[in-house]
Amino acid sequence: MSDTEIVDDLPLEADDVEPRNAVEEALFGLIDEAMDTSARSLYAQGKKVGVSDIGGCREYVRRLIADEDFTDPRKNFMAAFMGTAFGREFEDAYQRRHPHALIQQAVEVPLDLQGFQFVLPGHLDIVDPKLNTIIDGKGLALDTLIPTPTGWTTMGALRVGDTVLDMAGKPVTVDVVSEVKNIGCYEVEFANGHVIVCDEEHLWVAQRGFRATPGVVPIADLRVGDYVPVAGALDLPDAELPLNPWMLGYWLGNGHHADAMVSTHGDDALEVQLIAQSLGYRGLVRHDKRGSNTATVSLAGRLLRDGSRRVTGSTGFYSVVRDLGLDEGKRVPEVYLRSGHEQRLALLRGLMDSDGTWNKTSRRASFTSTTRALADAVAELARSLGQRVQTWTRESSFYGKTVTAFYVEWTPTVNPFLLRRKSERVALASDSGTTDHRVHRVVRIEPVASVPTQCISVNSPTETYLAGEAMIPTHNTKNGLAVVRKSGGDLQHKFQVTLYGYACVKAGLLEPEPTLALAYYDRSGVEQAPHIVSWEWDQSIFDAAIEWLNDVVYALTQGEEASKDKPRDWCYSFCPFATACRGGDTDVEGLIEDETIVTAIDLYKDALARETAAKRDKDTAKKELVGIGGRTKNWVLRWVHINESEIKAGTRRAYDKIDIRPNRG
Ligand code: SF4
């Protein structure tokens, strides 16, 4: 045996792992160290507000300015490390081609807002009249199940050219698969109990409110109570099926294990007989003579009188059941689960006609079985037909024995029964006016330990694909570039580059009103070309950034907290103020439906927006009035000098305060 020890996962990061040898000792903690001394981390340690913070969380910036203590020292350096390392290469390459360019240029953005003077530090990747650079990427957990037109696969097994399904249920081709990433991850749980793990850069198709229009939402903006639309019925071609799907479904639910007989409710016997005979089976009915309203129907084969259909011998019902191995355990063969729409509906109806019921009170279809494989198949079939399904398990007592029963329930948009006794009771969702069957409600979003993630891009017009057992639509991630192409760049990034542009002009590095650019790269390396978002100097973006900062300053001067712009789960995972800032939050989970409360929330947010707009108007007017004193018909205008004073956030320098009072003269 060789003396060489092969170490699969060198622990460069983990706090709780000790180096085991000299090589590990030499490399241990390298990334932490590298990032601890990076400019970005030094800002964080020095608790300075940087240009890149503007547009993020207002309360975070307020706490930094107020010099409040970090309560949760956190490190999540890997993604930052990769971004920095890649960025450095890119900047060097740029400078080689354009030797006049400055890279990693330190700048300061001087600002004077409501009596506060700020100097926001920042590092520009590349200083040029035209370009700056930012890198981005997106992904999903590798072990996520992905439905395909032929069954299931996992995200990790997908390759370019594979076929998956989009939110309309159409088969679509995978055209990009990213490399595996290890970055922050979230668990997203839906009301039906399904959980999908995605990384911090993942995008969802979601809506806020039943009737809202769905849009593309980054995981950081996804909220508990948001809705993800239910996927449409899978649009698949008819398959060659060895047994009629309705008959197979009915036998799986009510058939005898050892022969081609099915038990039926007495009132269904004639209908079942007619269906069986139409398929070429004998359909002999025997009613129970002991007084119960039940019967058996034979699916044994015979030649029809006209000789057109032979279902005896190897084509007889039970022969095929044996060939499929169903005599050893009831289940739905895979080929049926991905057959054509009408074939899947027929199979579902067969199963529901046997073991399904209609709940008149809840107006939901329900299937119960002690065979998990059958309940799973019903859930999958219903989902594949565009139904939003709920499943659960319960210990139940049958004939004195405790057994585990598997339940599947949904509000149908298509009648799940064929037999008249059941189908005539059904009220479809469209008739009952309900809407919740069209969406999956998000009930929990929680940061979880990082798992390997990967992202794919598909050639669907909706840029979506289905993920997880519940076939929940998720957005085409395309390494972040697709969303940038759609949205034209992140506002926070635009604030950053605009403030850099302002700083460069002030420092004399650029002419006034420079052209600004963001260069988005796929750091997984799958996409070769960057996506460039560039624009001529836009004063409104600068004004919006200043307004954003004004909100922070307003909160500071009023001794209030600023707006908390991140979801709580995000805070606990990434923000060093999380415990101090969010620890006292009252529970905010659960959908508020009380009209009075909903109206009050809307009113508050509306008032807040008006307050912000009023503040902006005040500032605009104030600028026009600087240094002016006098009277109008209605008002007396003067300026009052306020001396320097100590406030909680530090020293507030002296300033002139506008004073306008009614003209009573
Ligand atoms: S904990 Fe969240 S809301 Fe509070 S400052 Fe941090 S990011 Fe903002």
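The values are calculated or read from the model by the stated rules, or taken from the named source; none is laboratory data. Note that this is a predicted model, so its numbers are computed, not measured. Every residue, glycine among them, receives a Cβ derived from its backbone with ideal geometry; neighbour counts consider all protein chains shown.
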Per the filter on region 170-191, residues assigned to a loop (DSSP other than H, G, I, E, B), modelled with pLDDT under 75 and either surrounded by fewer than 22 Cβ atoms within 10 Å (Cβ to Cβ) or in contact with an Asp or Glu (Cβ under 7 Å, 6 or more places away or on another chain) (or both) are E179, V180, N182, I183, G184
All-but-one check, R372 against (1) touching a Leu at 6+ places or on another chain (Cβ under 8 Å); (2) more than 19 Å from L299 (Cα to Cα), failing number (1)
Of all strands (runs of 3 or more DSSP E) fully inside region 193-271, the set with 3 or more residues that are farther than 21 Å from S457 by Cβ is 261-265
Could you tell me whether G400 is under 26 Å from the mean Cα position of the chain (by Cα) and at positive phi?
no
Scanning region 580-591 for residues that are at pLDDT below 85 and either farther than 20 Å from D221 by Cβ or more than 8 Å from the ligand (Cβ to nearest atom) (or both) gives G583, G584, D585, T586, D587, V588, E589, G590, L591
In region 351-390, anything within 14 Å of V332 (Cα to Cα) and not in a helix (DSSP H, G or I) is listed as S369, T371
Given the structure, is S534 away from the ligand (no atom under 16 Å from the Cβ) and at pLDDT below 75?
-> no
* Asked: Looking at D565, is it part of a loop (DSSP other than H, G, I, E, B), within 16 Å of the ligand (Cβ to nearest atom) and at pLDDT 70 or above?
  -> yes
Does any residue of region 277-294 turn out to be outside any loop (DSSP other than H, G, I, E, B), at pLDDT 85 or above and buried (at least 19 other Cβ atoms within 10 Å of the Cβ)?
no
For region 230-282, the count of residues that are hydroxyl-bearing (S, T, Y) and over 12 Å from L419 (Cβ atoms) equals 3
Checklist entry - Residue check: is Y43 within 16 Å of the ligand (Cβ to nearest atom), modelled with pLDDT of 65 or more, of a type outside the set (K, R) and surrounded by 14 or more Cβ atoms within 10 Å (Cβ to Cβ)? => result no
Of the conditions (1) surrounded by 11 or more Cβ atoms within 10 Å (Cβ to Cβ); (2) touching a strand residue (DSSP E or B) at 6+ places or on another chain (Cβ under 6 Å); (3) of a type outside the set (D, E), the single one that A613 does not satisfy is (2)
